[in-house]
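Structure record follows, encoded as structure tokens.
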Amino acid sequence: MTVEEAATLVLQAAAIGSPGEVLILDMGSPVRIDDVARRLIARANRPIEVVYTGL
């Protein structure tokens, strides 16, 4: 989602929402960041080491 799309989404939510109402965007199933990283690494066609930190 671009910044412009995100801003438009916020403005649309403000326009259709009632005072005190919370609108939640359904973005689908969660995806693990490790899975995303490994897919990107696979597309790089070169060895890339994954280093896990204590975060």
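The values are calculated or read from the model by the stated rules, or taken from the named source; none is laboratory data. A quick note: this is a predicted structure, and the numbers were derived from the prediction, not measured. Neighbour counts are summed over all protein chains in view; Cβ atoms, including those assigned to glycine, are modelled from backbone coordinates with ideal geometry.
In the set (1) in a helix (DSSP H, G or I); (2) more than 15 Å from the chain's Cα centre (by Cα), the condition left unmet by G20 is number (1).
So that you can scan it fast, the table gives a plain yes or no per residue for (1) surrounded by 10 or more Cβ atoms within 10 Å (Cβ to Cβ); (2) of a type outside the set (A, V, I, L, M, F, W, C); (3) in a helix (DSSP H, G or I); (4) in contact with a strand residue (DSSP E or B) (Cβ under 9 Å, 6 or more places away or on another chain):
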{"position": "A13", "(1), (2), (3), (4)": "yes, no, yes, no"}
{"position": "I24", "(1), (2), (3), (4)": "no, no, no, no"}
{"position": "R38", "(1), (2), (3), (4)": "yes, yes, yes, no"}
{"position": "R43", "(1), (2), (3), (4)": "no, yes, yes, no"}
{"position": "I48", "(1), (2), (3), (4)": "yes, no, no, no"}
{"position": "T53", "(1), (2), (3), (4)": "no, yes, no, no"}
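Does S29 satisfy being of a type in the set (S, T, N, Q) and at pLDDT below 90? The answer is no for S29.
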